[in-house]
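To keep things clear, I will list the structure first and then write my remarks on it.
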Amino acid sequence: MISDEIVLSNTESVCPVCLKRIKAERVQKGDVIYLRKTCPEHGHFINPIWRGNLDRITNAPLRIPAFPEKALTEVKDGCPFDCGLCPEHRQRPCCVLLEVTQRCDLMCPFCYASAGGQANTNDYLDPELEQIKSWYRLLLDNGGPYNIQLSGGEPCVRDDLPEIITIGKEMGFTYFQVNTNGRRISRDIGFLTRLKDAGLTTIYLQFDGVTDEIYREMRGADLLAEKKQAIRNCKELNIGCVLVPTIKPGVNDCQIGEIIKFALQNHPVVRGVHFQPVSYFGRFPQPPVETDRITLPEIISAVCSQTGGMVDQAAFKPSGGPNRWCSFNGVFVVLEDGSLRAFVKKELPCSCTVQDANTERLRLQSFVARNWAAPARDNTQTNNDERPSLGGWDSFLARTKTHLFAITGMAFQDAWTLDLERVQDCCIMVLSPDNRMIPFCAYNLTSQSGRSLYRKLPGQE
């Protein structure tokens, strides 16, 4: 029991020990919101899910459901055990992850896929190209094409990764991002060239900080030089790159501002920064305590304070597709003097229909595809027509075509923080080897002992 608490709402979750579904409630004390739950067998659990700026969550609009066009599984045991998607899921996919390998050339202390060791390990068999082609076909038969993220493991250990993109491109998919630690593309620009020629849109680059001390703690190796070279290679080939930091309190939360400044120094090839508060599923050093948590409003506050007020908190809004607890989005124009100006489009009133919800999902899908790709190098805007110049406004409008910069964040849920309402609103899916589309947090969910609901690891039945 928290003293002076306010019970905000009820939901359901799972027990971190046994993963059984249990009742949960969101409770507030001061400016902190906790998820509290009790397992009859394993006791009480309480974890912070929101610290600071409660207006940002209490005033956020509720999502309007957009149920799957065609369900692949039936409701039998209830969420989160019937994923596939089941007919009760309240959101259609916008991005689908294809895990093309479980191999990796790192052994990070934090890894949701529990991948790693050696790139040439025989512990895993990579899916064949024909199987991947069947995955693309399944997605097209079930509401696609979607934005595709090629993930793993480390997808760049596959020499045929360009062929995987080519197959998807030929089948009608238009947006491909590669989720990578950047090691191979830093040393093999020829491989990166092949990826671009095949149709790669964006490099989704793991980037936890601007000093090697951070990488030793988070990834087990000095990686900064390789990260910088990977970005230089993207710049040479004009491939859009998004920096993706996993933020852990006491390790790299002090470098949030420096990461943004580094990104701006490498703009416009670096299209933005996508922050992810550390979550505890897959492989992690030890079960989390309260001080191991950092929440979305804390990241927004750090963005503003650590950049010297370069951006204002009012510029950040919940993303339109996921649940309001899951993410934030801020889009800016980089001006000629290096400063940022918020780029906000007027919101249309919601008519609260499923069609509008699906339109919002497609808008989010389009936003990522459009703004995370590098702008064409010859897309210089000039004011050569006969209309009167609007001075600085002309320059601002021109730069919205070429110099947008996104600062976004997404809080993935683990067994301690899992909220089934958020799972049911998820639009980020993993296509499992048995041909089911499973919400990201459900697919990667592991118990305190490492047992998984969906992801199958060596030795796990």
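Points to keep in mind about this one:
- Output for the stretch 205-257, where each listed residue is aromatic (Phe, Trp, Tyr) and farther than 15 Å from residue 179 by Cα: 215
- Residue selection: residue 455 satisfies the criterion of being surrounded by 19 or more Cβ atoms within 10 Å (Cβ to Cβ), modelled with pLDDT under 95, not small (Gly, Ala, Ser) and not assigned by TED's automatic domain parsing to the domain that holds residue 151.
- Residue list for the stretch 45-100, restricted to those being aromatic (Phe, Trp, Tyr) and either closer than 24 Å to residue 20 by Cβ or at pLDDT 90 or above (or both): 45, 50, 81
- Just one of the numbered conditions (1) crowded, with 18+ Cβ neighbours inside 10 Å; (2) farther than 30 Å from residue 89 by Cα; (3) among the small types (Gly, Ala, Ser) is not true of residue 282: (2).
- Criterion violated by residue 41 - all others in (1) touching an Asp or Glu at 6+ places or on another chain (Cβ under 9 Å); (2) modelled with pLDDT of 95 or more satisfied: (1)
- Filter pass, residue 200 being surrounded by 21 or more Cβ atoms within 10 Å (Cβ to Cβ), hydrophobic (A, V, I, L, M, F, W, C), at pLDDT 95 or above and more than 23 Å from residue 306 (Cα to Cα): yes
- Annotation: of all residues in the stretch 228-249 being more than 17 Å from residue 373 (Cα to Cα) and out of contact with any Lys or Arg (no Cβ under 9 Å at 6 or more places or on another chain), the one that is surrounded by the fewest Cβ atoms within 10 Å (Cβ to Cβ) is 228.
- Test for residue 140: is it touching a strand residue (DSSP E or B) at 6+ places or on another chain (Cβ under 7 Å), modelled with pLDDT of 95 or more and not polar (S, T, N, Q): no
- When restricted to residues that are small (Gly, Ala, Ser), more than 18 Å from residue 12 (Cβ to Cβ) and touching a residue at least 12 places away in the same chain (Cβ under 8 Å), the stretch 412-453 contains 3.
The values are calculated or read from the model by the stated rules, or taken from the named source; none is laboratory data. All of these numbers come straight from a predicted model, not from anything done at the bench. When we count neighbours, we look across all protein chains shown, and the Cβ atoms used for this are built from the backbone with ideal geometry, even at glycine.
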